[in-house]
1. When you check Ile238 against the structure, is it farther than 25 Å from Val195 by Cα and crowded, with 24+ Cβ neighbours inside 10 Å, yes or no?
2. Return the only residue of Ala188, Ala197 being surrounded by fewer than 16 Cβ atoms within 10 Å (Cβ to Cβ) and of a type in the set (Gly, Ala, Ser).
3. Please enumerate the residues belonging to segment 271-293 that are small (Gly, Ala, Ser) and either free of Cβ contacts under 8 Å to residues at least 60 places away in the same chain or not in a helix (DSSP H, G or I) (or both).
4. I want to confirm something. Restricting to segment 259-270 and keeping residues that are at pLDDT 90 or above and closer than 19 Å to Ile86 by Cα, which single residue is surrounded by the fewest Cβ atoms within 10 Å (Cβ to Cβ)?
5. Would you check if there is a residue in segment 314-323 being modelled with pLDDT of 85 or more, over 13 Å from the mean Cα position of the chain (by Cα) and either buried (at least 24 other Cβ atoms within 10 Å of the Cβ) or under 27 Å from Val9 (Cβ atoms) (or both)?
6. Determine whether Leu200 is over 15 Å from Ala70 (Cβ atoms) and touching a residue at least 12 places away in the same chain (Cβ under 8 Å).
7. What do you reckon, is Val162 surrounded by 12 or more Cβ atoms within 10 Å (Cβ to Cβ) and either touching a Lys or Arg at 6+ places or on another chain (Cβ under 8 Å) or modelled with pLDDT under 80 (or both)?
8. For Ile243, work out the one condition from (1) aliphatic (A, V, I, L, M); (2) under 15 Å from the mean Cα position of the chain (by Cα); (3) crowded, with 24+ Cβ neighbours inside 10 Å it doesn't fulfil.
Amino acid sequence: MNKSLMIIVILIVLMLLSVLSLGTGAVSIGLADLIGGRLSSTEYQILMDIRLPRVLLNITVGAGVATSGAAIQGLFRNPLADPALIGVSSGAALFAAAFLVVGYQSDTLRDLGLLQVGVSGSAFAGGLLTTFLVLMVGRSSSSISNMLLAGIAINAVALSGVGLFSFVSSDSQLRSVAFWALGSFSAADWEMVAVSALILPFLFLIFLESKKLNAITLGDQEASHLGVFVPGLRRRVIVYAAIIVGIGVSLVGVISFVGLVVPHLIRLSLGSNHVTLIPGSALLGAILVMLADGISRTMFAPAELPVGILTAIVGGPFFIYLIVNQKERLGI
């Protein structure tokens, strides 16, 4: 199938799934009523205040995480890489856990209603800080090996910090840390959608780097011969990915395996050209997150399963399948 046509098909699937998600939930809204606008006041309120913001947040966060994964894999020439490799997820988790344990004890923040803002802001700041640490440690060498090792080391330290805060937290704080770290869209509202819209310009900036990412997959020296300033490209892509994932994690928590698995699925169907890989990953990432969120909120209704659990349960075994059965095609 033509690659452009396949991207259009994926886009149509995303649109159909979005409509289905808007009508599915504890209160079912019929497709005819949804399309025709024949909604009761209660259904309209559910649609506009709960489901539509949630669907839009699914799309922006899913597209952002998957696109960041595709860019990081191309940049490091490593199909096993994902955004967590640059430290953004673990750094966000560490700072959010710290705020949940320490900041929630502040009566001033509670009185001002800034507790949730504090969690999100701390997560975003933590993700960016750990990413810049990875860049600073890794820039001492022209090889990507230092950066990879720096990311692994900083990830380990950050996750140890999360474990420490979990150990000293109270029962209620521990539950908040665990639920946030596993990802959830249950708090989606229009303010979060507005913040998530900041992801979109950085997705476009990554897409603009598509041809240079194609060049760097040949090797740093070959890319330089083709006119690519490799250190600058590396910094730009890592910063773009860190901002995208930092925003996503600060809003809904850590959504695992999306940035790792989705680019592989697109490569198997559309190839490794980043001109098609980037938009394809964005669309499929949105679909996968929306599916996972839909299942998580209906499987045990009215209780909600954290989305990160579902993506890990499905993504882990599937990724093992890819490693075992697609070694040569994926270049593993």
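The values are calculated or read from the model by the stated rules, or taken from the named source; none is laboratory data. Bear in mind the structure is a predicted one, so any value in this text is a computation, not a measurement. All Cβ positions, glycine included, derive from the backbone under ideal geometry; neighbour counts span all protein chains shown.
1. no
2. Answer to the check: Ala197.
3. Residues satisfying the conditions are Gly271, Ser272, Ala292.
4. By that ranking, first place goes to Val262.
5. No, that holds for no residue.
6. Yes, satisfied.
7. So Val162 does not fit the description; no.
8. (3)
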